[in-house]
Amino acid sequence: MTLQEYTSSIHNFEECMKCTVCTAYCPVVQVNPLYPGPKQAGPDGERLRLKDPYFFNKALKYCLNCKRCEVACPSGVHVADLIQAARIRYDHSAPKLRDRLLASTDFMGSLARPFAPIVNAVTGLGVTKKVLDATMKIDSHRTFPKYSASSFERWLKRRRKEQAAFPEQVAYFHGCYVNYNYPQLGKDLVKVLNALGVGVQLLEKEKCCGIAMIVNGMSKEATKHAVHNVAVLGKAVEKGLKVVTTSSTCTLTMREEYPALLGVDNSAVKDSLLLATRYIFERLEAGAQLKFRPDFHLKVAYHTPCHMEKLGWGVFSEKLLKMIPGVEFTLLDSACCGISGTYGFKKENYEASQAIGAALFEQIRAVNPDVVACDCETCKWQIEMSTGYSVKNPISILAEALA
Amino acid sequence: MKLNTVIIGGGLAGLTAGIRLQKAGKSTAIISAGQNALHFFSGRFESVSESSADFIDFFAEAGVRLHYHEGVSLMPMGKLVPSSLSLEDVSIFPEGGLPRKALIVNFTGYHDFFSSFLAEGLEKEGCACRIRFIRIDEMERLRESPSEMRSVHIARIMDKAWEKVVQEVRVLLKDEDTVILPQVFGLKDSHTPSLIRERIPAKVVFAGTLPPSVPGIRTQLQLRRRYELLGGTFLMGDEAVSAETDGARVSSISTKNLQGHPLEAEHFILATGGFFSKGLSSNPQKVWEPLFGLDVEALADRNEWYDPDFLKEQPYMGFGVKTDASLRALKAGEIIDNLYVAGSILGATHPELGSGAGLALRSAFAVADLIAKL
Ligand SMILES: Cc1cc2nc3c(=O)[nH]c(=O)nc-3n(C[C@H](O)[C@H](O)[C@H](O)COP(=O)(O)OP(=O)(O)OC[C@H]3O[C@@H](n4cnc5c(N)ncnc54)[C@H](O)[C@@H]3O)c2cc1C
């Protein structure tokens, strides 16, 4: 055995040479001095925590898990994984009720959906927001995403036969957002894939990917979801299906976080789990064709969500959008919008969240597009709330542009 | 994905080649595993001794402001070193033009700027120095986390508060001919250093801090933005992990993030940097190039790799990938037809191309121009 084998560590922390480039790119450090920064929270802290868990610093909760530290690291240290893994390992405080609710996106969705009109009306009320703010510390500036009265699953089930008639098939992991809040995105995907001659199937009962649980101190629950999802993904993959998604965060969670943070082996399904943008790009590259409207005109500014940046697949969304005749395309500087899932909903993070996003909002206003494109639902809420510009998933723009 | 050229490495060499090829109408992608040596850049382009209008114009298009003057510039530890082509932030003293009396201004509690070393260095040259510390209200917030009081964080505040520093300096300034400030200005806007210079009635010198380098990060952002504006695809945080070859040619590159989706191209540029950026690897027995297994020029005897005098030029820094005269890579003595090499991974194998940032620029221009003509 060589010396290197003794000194190497999980998440590569010993590769850190203290250059502080990670900290230079951390959006939280820029706005919240209570956060020690990724270098200290990650590799520096790890060295101490390994000696004695006493050195675990609760301020790690301010990390918004954007992973930009990891993308920037010149030495291949998995800085963000180190931080999240430390939170899982050393922070045993029970999550607050608020955090539990925010994290249980599919549970909340299935509860709220049947009463959608009432829930939407109530959560939209100023007085409800004030109550949530005061009792639960959910910031009153936030508007809860609206719940849809009919779920996407229901919609697609009704079309099972029609979809099965297509010569080729994919399975779709729609995630909580498409199912409960915004079925239209799922319908747009079906439209685009059908235009390519591909039918869309549901998985055999997917569960929330679990990211909100991972970052809200509920890793046990998240692990259950991961095990379940890997199993149902596996069934689709065994049938020879690719599984497509429309959320960059769900995709990153299932491909990268399951093994890295939850220790759930996803090797049998990982390569078959693709963002729909990548799947469609690859089909077109292999010769498939889409017919576009001749009169389509849209000024689009693309925002790369943090988890897309980490996944490294923004290029597919970008290339697809540029391919649409009549699209005037601008790539926004890659920067965090500040919401990071449930992070920005918490009262204690509201100001930081808005300050983080400020540069992005400023750039959007300067570009003044017809629409901002991005592959993440929480970025969508944040950018719409903060700038007033409408935000759409590239798949929806593609669907609109089809002849 | 099919491209004209795939560039591996997104540092100064990779970005320069990418911009040049996009300008020539070629489709390119840059794969960049993490950030690069620009984050440690002093602002001085080593080894450029000819006046270089080409470089200056090329960078001006990206908003990067360079100047060429022959003389010496002040290094972070107080040494004066010969300099020529530099970012505008860097002041170059012509022969006989060193400061006589200097006011060195630092922020209270900022430890990454070495005022007393700077003073010591200048005093050796006969310059009298006075060191003063200032506090700016906007910076107080940073003190809550003193260990993270770093150049870039200060710079973010200075993007908005630099005029306050100007006011403080004007109050402190007596009969000094020169004011020395840390290099923490103009992270967002490259005009800020010159605006500061206009408003202070003495020569203003920005001296380096501990990394990350503020002008270096700004330059990286500007070059990346320019590259993307020209339609280039920048794959940040991705890593080339293997190459597919077809006889004497490379046909595609596979990356960590794009598993199952190789990047195909007619030409490839290897700009993965030196040891520091993992363009070259070593163990006690040998030095190698990890991606393609290219031939490397290195000394066989490990005892000759380094000079025990730490501050001397280290022989290992000269090790580099072997290429032919048109910078095409060699593997087992054979030329790989469509793989070109640029930047610090060349080491000192082509002394005529210089070293450091000068080498990065010259080699990137050379390979991009060769490819653009094909
Ligand atoms: C700390 C330091 C300070 C320096 N300061 C100066 C200075 O002030 N002036 C000067 O003239 N020169 C300086 N240099 C020399 C410097 O190397 C050059 O100036 C120049 O910046 C090198 O550019 P490059 O593009 O060749 O390499 P780099 O900037 O090192 O970039 C290489 C890039 O390739 C990436 N990479 C490596 N392997 C892979 C892979 N398999 N897949 C994808 N990407 C990969 C790396 O992550 C990195 O981003 C300095 C060097 C260092 C290390």
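The values are calculated or read from the model by the stated rules, or taken from the named source; none is laboratory data. This structure is a prediction, so every number in the text was calculated from the model and none was measured. Neighbour counts are summed over all protein chains in view; Cβ atoms, including those assigned to glycine, are modelled from backbone coordinates with ideal geometry. Ligands, DNA and RNA are excluded from the accessible area calculation, which covers all protein heavy atoms including side chains. Shrake-Rupley method; radii C 1.70, N 1.55, O 1.52, S 1.80 Å.
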What's the angle, to the nearest 10 degrees (0 to 90), between helix A:314-323's Cα axis and the longest principal axis of chain A?
-> 30
Three-way shape call for region A:229-383 based on the alpha-carbon gyration tensor, with the a/c threshold at 1.5 | oblate
Taking a 1.4 Å probe, which of B:Glu144, B:Glu95 shows the most accessible area, and what order do the others take after it?
-> B:Glu95, B:Glu144
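In debye, nearest 20: dipole of region A:152-284 around its Cα centre with unit charges on the Cβ of K, R (+) and D, E (-)?
Details: 19 positive and 13 negative charges, 104 e Å.
Its charge dipole is roughly 500 debye.
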One finds, for A:Lys96 and A:Arg160 with R0 = 60 angstrom and r their Cβ-Cβ distance, a FRET efficiency to the nearest 0.05 of 0.90
Rel. contact order, % - alpha carbon contacts under 8 angstrom, at least six apart, chain B | 22
For the protein assembly as shown, calculated [θ]222 nm from helices alone, where every DSSP H run of n ≥ 4 adds -39500 (n - 2.57) = -10500 deg cm²/dmol
Hey, if you put +1 on the Cβ of every Lys and Arg and -1 on every Asp and Glu Cβ in the protein assembly as shown, which of A:Val190, B:Ile371, A:Ser150 ends up farthest toward the positive end of that dipole?
-> A:Ser150
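Relative contact order (percent) for region B:228-349, with alpha-carbon contacts under 8 angstrom and 6 or more residues of separation?
Details: 218 pairs, mean separation 29.0, N = 122.
The value is 24 percent.
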Kirkwood radius from Cα pairs of chain A plugged into Stokes-Einstein at 4 °C, 1.567 mPa s, gives D in µm²/s equal to 59
Built amide H within the under 5 Å cut-off of B:Ile131, gap 5+ = B:Ile104
Eligible aspartates and glutamates near A:Lys346 by straight Cα distance, threshold 16 Å, same-chain separation 8 or greater = A:Asp99, A:Asp133, A:Asp139
Based on the alpha-carbon gyration tensor of region B:66-209, what equivalent-ellipsoid semi-axes (square roots of 5 times the eigenvalues) come out, in whole Å, largest first?
-> 23, 17, 15
Quick one: what are the phi-derived ³J(HN,Hα) couplings along region B:343-355, Karplus 6.51/-1.76/1.60 with θ = phi - 60°, whole Hz, x for glycine and proline?
-> x, 5, 5, 6, x, 10, 6, 10, x, 5, 8, x, 9
What does the accessible area of B:Val90 come to, in Å² to the nearest 10, when a probe of 1.4 Å is used?
-> 10
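How far, in nm, would the chain grow between B:Glu50 and B:Arg141 when pulled straight, counting 0.36 nm per residue and subtracting the alpha carbon separation? Each step should come with its number before you reach the end.
Details: separation 91, 0.36 × 91 = 32.76 nm, distance 4.56 nm.
Fully extending the segment from B:Glu50 to B:Arg141 adds 28.2 nm.
Quick one: dipole size for region B:133-188, taken about the Cα centre, charges +1 on Lys/Arg Cβ and -1 on Asp/Glu Cβ, in debye to the nearest 20.
On the way: 10 positive and 11 negative charges, 41 e Å.
Result for region B:133-188 is approximately 200 debye, rounded to the nearest 20.
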Accessible area of A:Val315, 1.4 Å probe, to the nearest 10 Å²?
-> 10
Rounded to the nearest 10 Å², the 1.4 Å probe accessible area of A:Leu156 is 10
Placing +1 on each Lys and Arg Cβ and -1 on each Asp and Glu Cβ in the protein assembly as shown, then taking the dipole about the Cα centre, the residue among A:Ser104, A:Ala399, B:Leu339 whose Cα reaches farthest towards the positive end is A:Ser104
Along region B:70-82, Karplus-curve 3J(HN,Hα) (6.51, -1.76, 1.60; θ = phi - 60°) to the nearest Hz, with x for Gly and Pro, reads 8, x, 10, 10, 8, 8, x, 9, x, 7, 9, 10, x
Compare B:Gln285, B:Gln220, B:Gln183 in a GNM of chain B, Cα atoms joined below 10 Å, and give the one with the largest fluctuation.
-> B:Gln285
How big is the gap, in Å, between the Cα center of region B:321-359 and the Cα center of region B:67-146?
-> 36
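Using Cα pairs closer than 8 Å and at least 6 residues apart in sequence, work out the relative contact order for region A:291-401, in percent. Each step should come with its number before you reach the end.
On the way: 175 pairs, mean separation 34.8, N = 111.
After rounding, I find 31 percent.
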Fraction of the pair-distance distribution of region A:152-284 above 18 Å, Cα-Cα pairs, percent | 51
Please report the Cα spread of region A:133-226 along all three principal axes, rounded to whole Å, starting with the longest.
-> 53, 29, 20
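Cross-link list A:Lys157/A:Lys187; A:Lys319/B:Lys188; B:Lys256/B:Lys278; A:Lys67/A:Lys299; A:Lys270/A:Lys310: which exceed 18 angstrom alpha carbon to alpha carbon? Before the final figure, lay out the partial values.
Numbers: A:Lys157/A:Lys187 12 Å; A:Lys319/B:Lys188 28 Å; B:Lys256/B:Lys278 15 Å; A:Lys67/A:Lys299 29 Å; A:Lys270/A:Lys310 16 Å.
With Cα atoms farther than 18 Å apart: A:Lys319/B:Lys188; A:Lys67/A:Lys299.
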Using modelled amide H (1.01 Å from N, peptide plane; none on Pro or chain starts), what sits under 5 Å from the amide H of B:Phe107, excluding residues fewer than 5 places away?
-> B:Ile134
Sequence-distant residues sharing a close amide H with A:Leu402 (under 5 Å, placed H) = A:Arg293
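For the protein assembly as shown, just run the numbers: alpha carbon Rg, then divide by 2.2 N^0.38 Å, N being how many residues it has. Mind dumping the intermediate values first?
Values: Rg = 27.3 Å, N = 777, 2.2 N^0.38 = 27.6 Å.
It is 0.99.
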Top mean-square fluctuation among B:Gly354, B:Gly333, B:Gly208, Gaussian network model of chain B, C-alpha springs under 10 Å?
-> B:Gly333
Reciprocal mean inverse distance between Cα atoms of region B:220-374 - Kirkwood radius, Å = 16.6
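If you build the Cα gyration tensor of region A:10-90 and take the root of 5 times each eigenvalue, what three semi-axes come out, in whole angstrom, biggest first? Walk me through the numbers before you get to the answer.
Numbers: eigenvalues 57, 46, 21 Å².
Result for region A:10-90: semi-axes of 17, 15, 10 Å.
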What spacing in nm lies between the two simple spin-label points modelled at A:Arg365 and B:Asp309, each 7 Å away from Cα in the Cβ direction?
-> 5.9
Hey, in the GNM for chain A with a 10 angstrom Cα cutoff, which one of A:Ala85, A:Ala286, A:Ala355 fluctuates hardest?
-> A:Ala286
Along the charge dipole of chain B, Cβ charges K/R +1 and D/E -1, which of B:Leu172, B:Gly356, B:Ala37 sits furthest on the positive end?
-> B:Leu172
Mind listing P(r) for chain B? All alpha-carbon pairs, 10 Å bins, whole percents.
-> 5, 23, 29, 23, 14, 5, 0, 0
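Region A:169-265: which trypsin sites (Lys or Arg not before Pro) are DSSP loop and have at most 15 other beta-carbon atoms within 10 angstrom? Working shown, then result.
Numbers: sites: A:Lys187, A:Lys191, A:Lys205, A:Lys207, A:Lys220, A:Lys224, A:Lys235, A:Lys239, A:Lys242, A:Arg255; in loops: A:Lys205, A:Lys207, A:Lys239.
Filter output for region A:169-265: A:Lys205, A:Lys239.
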Rounded accessible area per residue of the protein assembly as shown, 1.4 Å, Å² | 41
Can you give the Kirkwood hydrodynamic radius for region B:27-117, in Å, rounded to one decimal and based on Cα pairs?
-> 15.5
Tilt, helix B:356-373 to longest principal axis of chain B (alpha-carbon atoms), in degrees rounded to tens, equals 40
Quickly work out the B:Arg100-to-A:Lys18 label distance, labels modelled 7 Å from Cα along the C-beta direction, and quote it in nm with one decimal.
-> 4.2
Rounded to whole Å and sorted largest first, what semi-axes of the equivalent ellipsoid does the C-alpha gyration tensor of region A:291-401 yield via the square root of 5 times each eigenvalue?
-> 26, 14, 11
Alpha-carbon spread of region B:291-374, three principal axes, descending order, Å | 46, 28, 20
Along region A:337-346, Karplus-curve 3J(HN,Hα) (6.51, -1.76, 1.60; θ = phi - 60°) to the nearest Hz, with x for Gly and Pro, reads 7, x, 7, 6, x, 8, 3, x, 6, 7
Magnitude of the Cβ-charge dipole of chain A, K/R +1 and D/E -1, about the Cα centre, nearest 20 debye?
-> 1160
